[in-house]
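Here the structure is laid out as structure tokens; the discussion comes afterwards.
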Amino acid sequence: MAAGREILLSDGWEAVTYVTVAERSGVGRTTLYRHWPTIDRFLHDILLHDWAVEHHTPTGVTRDDLVEELDDFRVQLHDPAVERPMLTTMDRASRDPEFAQLSAKLYEACSEAAGQIIRAAQQRGDIDTGLDLERAVAELAGPLIYQRFLGRKTLDRQFVEHVVDDFLRAQSTTPADPH
């Protein structure tokens, strides 16, 4: 898998073949075929491995927890080992069922940790309990994805803090002071 990841990053998606992986890794093609019946399955496993990140351990302070979790996501979006395959997965998901499944797993993985933080904040009364979790995660992660992938911007922690602060202001259960 390390050889496949190296080829993916250096030469692109199409360069990852059984032949190139066998040459780079020293593992026989027969072994590769036995473990990964299709090259797409091999790529799928590489991507799942790369996207398995440690998540922030929640402290119970909603803002801090959301900033830490989203900042981890921001860092991932700038990592070539994640960024390039993520973009390719999104592209291929519309026409390849394996990549549609991979995209769905990525969506779940990215949503789960932030969703847990939001659920805990709802239980503490920090955020409106009627807020839809899926929409909330989209409101938090969406600006990062938009700026990074469409705007090709380099994002910093301050950007993440602004996104979280705007979200919390909009979702606060404490009424805003009209003055």
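Points worth noting:
- When Thr62 is tested against (1) open to solvent by 70 Å² or more (accessible area, probe 1.4 Å); (2) over 23 Å from Met90 (Cα atoms); (3) in contact (Cβ under 8 Å) with a residue 24 or more places away in the chain, exactly one condition is not met: (1).
- Looking only at residues of segment 65-99 that are part of a helix (DSSP H, G or I) and without any contact (Cβ under 8 Å) to a residue 12 or more places away in the chain, we find that the one that is surrounded by the fewest Cβ atoms within 10 Å (Cβ to Cβ) is Pro97.
- All helices (runs of 4 or more DSSP H) inside segment 1-59 with 1 or more residues being free of Cβ contacts under 8 Å to residues at least 12 places away in the same chain and open to solvent by 80 Å² or more (accessible area, probe 1.4 Å): 2-11, 18-25, 29-35
- Scope segment 145-155; condition open to solvent by 80 Å² or more (accessible area, probe 1.4 Å) and in a helix (DSSP H, G or I); matching residues: Tyr146, Leu150
- Boolean, Gln158 is within 18 Å of Asp71 (Cβ to Cβ), out of contact with any helix residue (DSSP H, G or I) (no Cβ under 6 Å at 6 or more places or on another chain) and open to solvent by 100 Å² or more (accessible area, probe 1.4 Å): yes
- Here Ser111 does not qualify as under 24 Å from Asp11 (Cα atoms), assigned to a helix (DSSP H, G or I), of a type in the set (Ser, Thr, Tyr) and touching a residue at least 12 places away in the same chain (Cβ under 8 Å).
- A count restricted to segment 121-144 and to residues that are polar (S, T, N, Q), open to solvent by less than 40 Å² (accessible area, probe 1.4 Å) and either part of a loop (DSSP other than H, G, I, E, B) or farther than 21 Å from Thr59 by Cβ (or both) stands at 0.
- The selection criterion, being outside any helix (DSSP H, G or I) and hydrophobic (A, V, I, L, M, F, W, C), does not hold for Leu102.
The values are calculated or read from the model by the stated rules, or taken from the named source; none is laboratory data. Note that the structure is predicted; figures quoted are calculated from it, not measured. Every residue, glycine among them, receives a Cβ derived from its backbone with ideal geometry; neighbour counts consider all protein chains shown. To get the accessible areas, we keep the full protein, side chains included, count just its heavy atoms, and leave off ligands, DNA and RNA. Shrake-Rupley method; radii C 1.70, N 1.55, O 1.52, S 1.80 Å.
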